[in-house]
Amino acid sequence: MKQNFKFDKDFLWGASTSAYQIEGAWDSDNKGKSVQDVKEVFENTSDFKVCVDHYNRYKEDIKLFSEMGLKAYRFSIAWTRILPNGKGKSNKKGIDFYHRLIDECLKYDIIPIATMFHFDLPYALEKEGGWSNPATIDAFEEFSRIVFSEYGEKVPYFLSINEQNVMILHGNVIGTSLEQEKQWKGLYQQNHYMQIAQAKATILCHELAPNAKIGPAPNISPAYPKSCSPEDYLAAMNATAIRNWLYLDLSVYGQYNFQAWNYLKDRDYLPHIEDGDMELLKQAKPDFIAVNYYNTMTVEENTNKEESSGEYGDQQIAMAEEGYYRQVNNPYLKETDFGWEIDPVGFRVTLREVYDRYKLPLLISENGIGTYDKLEEDGTIHDEERIFYYEKHIAQLAKAVEDGVPVIGYCPWSAIDLISTHQGIRKRYGFVYVNRSDEELSDLKRYKKDSFYWYKELIKNRGTF
């Protein structure tokens, strides 16, 4: 049945990638190493040295994005291409690459949306303590100044830090915390320093690129109570505050969420706060919120004193905090091949909750499904599961817009196949198939999936399918 939705003609139908997962060329043109270049990858999983070679094939890829009809392309800028050591001497070849990339987008009337930091901290800074060292704040400010000075006239939207909450809660899974054992107090100190760095970047953006807009990009997963038990409802409030509002309240309001603060105090995780920090956070005013949405979580009361606190799965699966909540499976939801629950209605819930709380425009910066895609002998890829996923989610996005949520655009993950954070190329997200495996590079040839043609028609018809 044909679905008719009302999306504004200026709505940004786009797609997303990140530098370390797509570019490759990990040591080309004076690029420095990032934490992603040196981390130990999972067995039988590709590293990030070549990825899908977007660094050398960006013209071919952007031409494909144009053919698909993209109005926007969200990519990230590799810090170590701009500042190989994270600070100090800049790298003209890296700076010039992103000028070429941005100009290629503009050539096809694709609006560039640039993420400033997407999980790829310079390894030189990591060796000096990374985000545990307040000097990294100064380094990020230096990097930000270059980014806004170079690209601020061309890029209308900047995302400051991608999924800061995931980096804190699941950094050892995604490769941003290289230590094996978590030190939670130290991680929440890192979070505070990242928030200060983000605030400084936000202020800088408004000074150096006054025509551009900037916002944070957290991964939001609202929490449902498992039952109508009052204790389960409280558990859901706790989970939402700890996973979501802790980060966004700091980004938008410049203050710690009171429920999350009580949790930090109870666990002895409170960060050290310097004089002037909170004033700086309040001074930074984001223009919008970018939302990465994959699923919701369902939780129950947790009184199990034997259970260790924190995660016991990947970034979308299973968390627990004794005395606060325990994540459980939702029997009403199906799962992807990789165990992530699928909740299109939860997408609408997310957008309504975030807008109700913060009253800022929203940009969907990630939403998508990882599947095992097969290249047929005739060069086709029949990814019906992806199309079905997007149909259901875009229908709920349309309903959220009708509810009154101001959404700037929709940039699903991902524009083209790339190396998944910890499950390699076999977990494919793209509209474009890249011919390689985790074991062999093959020829890296690009093929259009069925979803490519579906999304092209959807964009052409302004959201109608």
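The values are calculated or read from the model by the stated rules, or taken from the named source; none is laboratory data. Just so you know, these numbers come straight off a predicted model, no measurement behind them. Glycine also receives a Cβ, built like all others from the backbone with ideal geometry; neighbour counts cover every protein chain displayed. Note: accessible area is taken over every heavy atom of the protein model, side chains too, but ligands, DNA and RNA are not part of it. Shrake-Rupley method; radii C 1.70, N 1.55, O 1.52, S 1.80 Å.
A few points about this structure:
- Rough spin-label spacing in nm, given labels placed 7 Å along Cα→Cβ, for Glu40 and Lys282: 4.6
- For the range 398-465, the Cα gyration tensor yields ellipsoid semi-axes of 30, 15, 7 Å (square root of five times each eigenvalue, largest first, whole Å).
- Backbone N within the range 8-24 under 17 Å of label point (7 Å from Glu60 Cα along the Cβ vector): 22-24
- Multiplying the residue separation of Lys127 and Glu274 by 0.36 nm and removing their Cα-Cα distance gives an extension gain of 50.6 nm.
- The shape of the chain can be summarised by an equivalent ellipsoid whose semi-axes, obtained from the alpha carbon gyration tensor, come to 30, 27, 22 Å from longest to shortest.
- Summed over the residues of the range 319-377 and divided among them, the accessible surface reaches 46 Å² per residue at a probe radius of 1.4 Å.
- Carbon and sulfur %, accessible surface of the range 212-368 computed with the full protein complex present, 1.4 Å: 50
- In a DSSP loop and with at most 13 other Cβ atoms within 10 Å, the chymotrypsin sites (Phe, Trp or Tyr not before Pro) in the range 354-396 are Tyr372.
- Solvent exposure of the range 7-158 amounts to 37 Å² per residue of accessible area, where only protein heavy atoms count and the probe is 1.4 Å.
- Alpha-carbon Rg with Dmax, taken over the range 99-253, Å: 17.6, 56
- Residues of the range 160-177 with amide N under 19 Å of a point placed 7 Å along Cα→Cβ from Glu207: 160-161
- Area of Glu384 that stays accessible when all protein chains are in place (1.4 Å probe, Å², to 10): 110
- Shape of the range 389-432, Cα gyration tensor, a/c cut at 1.5: prolate
- Extending 7 Å from the Cα toward the beta-carbon at both Arg267 and Glu67 defines two label points whose distance is 4.8 nm.
- Fraction of accessible area attributable to carbon and sulfur, the range 21-99 (%, probe 1.4 Å): 44
- Per residue of the chain, the DSSP helices (runs of n ≥ 4 H) give a summed -39500 (n - 2.57) that works out to -12000 deg cm²/dmol at 222 nm.
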